[in-house]
Amino acid sequence: MATAVGERRLSPEVFRLLREVIYDYCGIFFPDDNAYIVHRRLQPRLDALSLVDFGEYYRYLRSCDPAQRKAELEEIVDRVTTNETYFFRENYQLDAFRNEILPEIYQARPRGRRLSVWSAGCASGEEAYTIAILIQETGLFADWEVRVFGNDISRRCLQVARKGQYGRNSFRSTDERLLRRYFRELDGKQQIRDEVRSLCSFGQINLMDEHMMRLVGDVDVVFCRNVLIYFDQTSRKKVIATLHGKLVKGGYLLLGHSESLINLTTAFDLVHLKNDMVYRKPLHG
């Protein structure tokens with residue numbers, strides 16, 4: 001691996017050891033050809049911790065106290081994952097959610113007059129707020145108990161989500177009417193209005209942590225978009241089983257456009273809607 005002046009080499013052996021630590025923590029797997037990403041993004045941590053090389057960094061992770069280890073693993077995940085997102089991403093799928101899935105839930109009332117939607121791997125919160133806006137836009141749920149929950153493993157991302165304040169880049173796919181209706185300008189950014197913000201809550205939850213996952217109650221719809229791409233087959237199966245367990249019967253799972261459940265599970269039905277194909281937990285069985 002080529003290294004610039006002042007950089008420490010990340011040997012294949014140490015890369016594999018660090019990869020294993022990351023994988024054990026959160027299920028994210030880096031193939032060999034992604035070693036450069038780990039090298040480039042974790043290089044600053046050596047300076048921050050005054051460590052000589054990546055071998056010493058690995059030994060630090062193995063020997064530091066549990067609180068330090070957890071904090072450093074959170075730092076690692078923040079650095080090695082790409083949290084690129086924006087409002088109203090993959091609009092055709094959101095049209096299916098707004099125009100087909102939500103009206104069906106309204107009619108069926110699977111949980112009474114309660115609606116719960118989970119944004120799994122919500123990054124900086126744009127998806128969760130998008131979901132809340134679309135629920136508002138239907139006009140169907142004004143007298144329902146509505147809950148949109150977003151989780152992410154990144155503490156830094158969740159700080160942004162809870163603040164609900166976004167720059168121009170987050171609005172590359174946002175209709176001007178919706179921008180005016182649900183946001184207000186504040187300090188040069190766009191602040192989500194309280195009527196939407198009050199529907200959303202956020203929590204730092206690792207999708208691979210079964211104990212933490214118990215904090216998520218039953219949900220009608222799960223958005224888990226562009227999350228599975230970070231996991232290997234074993235971790236994907238575990239995450240999908242968890243999502244399946246949280247969905248009510250007849251509940252919907254929406255994945256990213258490049259993701260599918262092929263070779264992962266047969267526990268969902270594939271449903272052809274007008275705007276998209278989505279997965280559904282069977283009503284019976």
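The values are calculated or read from the model by the stated rules, or taken from the named source; none is laboratory data. A quick note: this is a predicted structure, and the numbers were derived from the prediction, not measured. In this analysis, Cβ positions are derived from the backbone assuming ideal geometry, glycine residues included, and neighbour counts consider all displayed protein chains. For the accessible areas, the whole protein counts, side chains as well, though only heavy atoms, and no ligand, DNA or RNA atoms are used. Shrake-Rupley method; radii C 1.70, N 1.55, O 1.52, S 1.80 Å.
One table, with the values for the structure above:
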read-out: Rounded to the nearest 10 Å², the accessible area of T82 at probe 1.4 Å; value: 80 Å²
read-out: In segment 1-100, trypsin sites (Lys or Arg not before Pro) in a DSSP loop with at most 15 other beta-carbon atoms within 10 Å; value: R9
read-out: Apportionment of accessible area to carbon and sulfur, the chain, percent (1.4 Å); value: 48 percent
read-out: Furthest towards positive pole of dipole, T174, A123, W144, structure part segment 105-177, Cβ charges; value: A123
read-out: Surface accessible to a 1.4 Å probe, E100 within the full protein complex, Å²; value: 40 Å²
read-out: Rounded FRET efficiency, nearest 0.05, which uses the C-beta distance separating N91 from R184 and R0 of 25 Å; value: 0.60
read-out: Share, in percent, of DSSP beta bridges within the chain that are antiparallel, nearest 5; value: 40 percent
read-out: Residue-wise HN-Hα coupling along segment 146-154, computed from phi with Karplus coefficients 6.51, -1.76, 1.60 (Hz; x: Gly, Pro); value: 10, 9, 10, 10, x, 10, 8, 7, 8
read-out: Cβ-placed point charges (K, R +1; D, E -1), dipole of the chain about Cα centre in debye, nearest 20; value: 440 debye
read-out: Residue-wise HN-Hα coupling along segment 130-139, computed from phi with Karplus coefficients 6.51, -1.76, 1.60 (Hz; x: Gly, Pro); value: 4, 4, 4, 4, 5, 4, 4, 5, 5, x
read-out: Per-residue SASA entry for C157, accessible area with 1.4 Å probe, Å² rounded to 10; value: 0 Å²
read-out: Average accessible area per residue (Å²) across the chain - probe 1.4 Å, nucleic acids and ligands excluded; value: 49 Å²
read-out: Relative contact order (%) - segment 73-217, alpha-carbon pairs under 8 angstrom, separation at least six; value: 28 percent
read-out: Cβ-based charge dipole, the chain, positive-most Cα from L46, T234, V221; value: V221
read-out: Correct option for P(r) over Cα pairs in 10 Å bins from 0, in percent [calculated from the coordinates] among (i) 6, 28, 38, 24, 4, 0; (ii) 6, 16, 15, 14, 13, 10, 8, 7, 5, 4, 2, 0, 0, 0; (iii) 6, 27, 31, 22, 11, 3, 0; value: (iii)
read-out: Stretch gain in nm, segment A71-Q191, where the contour uses 0.36 nm per residue and the Cα spacing is subtracted; value: 40.3 nm
read-out: Per-residue [θ]222 nm for the chain (sum of -39500 (n - 2.57) over DSSP H runs n ≥ 4, rounded to 500); value: -12000 deg cm²/dmol
read-out: Neighbour net charge for R113 - beta-carbon separation under 9 angstrom, K R +1, D E -1; value: +1
read-out: Segment 201-285: trypsin sites (Lys or Arg not before Pro) in DSSP coil with no more than 14 other Cβ atoms inside 10 Å; value: R214, K274
read-out: Coarse-grained scattering of segment 163-285 at q = 0.10, 0.11, 0.20 Å⁻¹, given as base-10 log I(q)/I(0) from a Debye sum over alpha-carbon atoms; value: -0.43, -0.51, -1.17
read-out: Neighbourhood net charge (11 Å Cβ-Cβ; Lys/Arg +1, Asp/Glu -1) for R156; value: -2
read-out: Among beta bridges that DSSP assigns inside segment 176-285, antiparallel share in %, nearest 5; value: 65 percent
read-out: Phi-based couplings in Hz for segment 184-199 (Karplus 6.51, -1.76, 1.60; Gly and Pro marked x); value: 9, 6, 8, 6, x, 10, 9, 9, 5, 6, 4, 4, 8, 4, 5, 7
read-out: The chain, relative contact order in percent, only Cα pairs under 8 angstrom and at least six apart counted; value: 18 percent
